Amino acid sequence: MFFQALLFPVGILLLAVGGDRLVIGSVALSNKLNIPAFITGIFIIGFGTSLPELFVTLSALSKNETDIAIGAIVGSNIINILLILGLSLVLTNKKSLESISYKDILVMILCAFLFSYFLQIGLINYLWSIIMIILLPIYLFVSYKFFNNNNQLANDNSQSGSIIFNLLIGFIAIIYGSEIFIEGLIYISEVLNIPEAIIGISLAAIGTSLPELAVTIASFIRGKGSVAIGNVVGSNIFNILGVLGLSAFISGQISFSKSFSGIDTAILILSSLWVFILLRNGSTNPKLYGSISLIGYFSYMIFLYA
């Protein structure tokens, strides 16, 4: 029992370390290869911070824990906005908010509505998985082709050995961490008799969102708040089109119970719409709007466990 109790914190630690190493290694590699800054920010960082969600989702599906898998994505997208973006706003400034494009927010909202549709019917079939996988590169291409205003390259002096080391450690930590993490979540769900959907939305989502939180904090320390906020939006798009689409494609389809309430769906959509309000008004008093976001998240968590 003592060993099983350690699975959850050990899994979180491995996911955090793995996500951090992957982001560092991926960015260093893209800079070494002179990949444009836009691709680095949207694709490399966005994909890198979403890898824990992908591996945790695939691990949960392999154990037939579909509610944990779906809940992790629902919760991760909500956490990215209300918790991580809320925290960002408490620390941010006007310039950070104005640097985010509305078209990315619109795509994120449309993805949230699509995900909400899946939550209502309790099924993601093979055809939809293919559609989502196709939509992701289309979105990236259109964004790069028509909305790329900053194509500067970043200088990087990282050695090839350190890049490979970071990528290797990152992948190993995430692969094993996701397995341990899911086993820990299953144990917690059984011992505390908590529905797996709630476990997924809360605990699983927090664990998989650690890379986004790490990138947010690191970005603000380096004075690049816009990178942090842009990463949150990009990660939410990747979570649905990439993680959900690829997971359903590999599994053939994902069929899950309708344990997710209308409140979960509403919070998912409203939190996405909330970003529009933040961009329009948040720059006037970012700490106020950030605090509202944080209060909204913790209120939702209290509702789940009440």
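Any read-out appearing in this document is the output of simple, stated calculations on the displayed coordinates, not a laboratory observation. Since the structure is predicted, the reported quantities are computational estimates derived from the model, not experimental observations. Note that we place each Cβ from the backbone using ideal geometry, even for glycine, and neighbour counts take in every protein chain shown.
Using a simple spin-label model with pseudo-atoms 7 Å out from Cα toward Cβ, residue 273 and residue 261 lie 1.9 nm apart. Legend: calculated FRET efficiency, residue 106 to residue 3, from the Cβ-Cβ distance at R0 = 41 Å, rounded to 0.05, equals 0.30. Between residue 123 and residue 298, the simple label model (points 7 Å from Cα in the Cβ direction) yields a spacing of 4.2 nm. Under 19 Å of direct C-alpha separation, and excluding same-chain neighbours fewer than eight residues apart, residue 63 reaches these aspartates and glutamates: 53, 179, 183, 190, 196.
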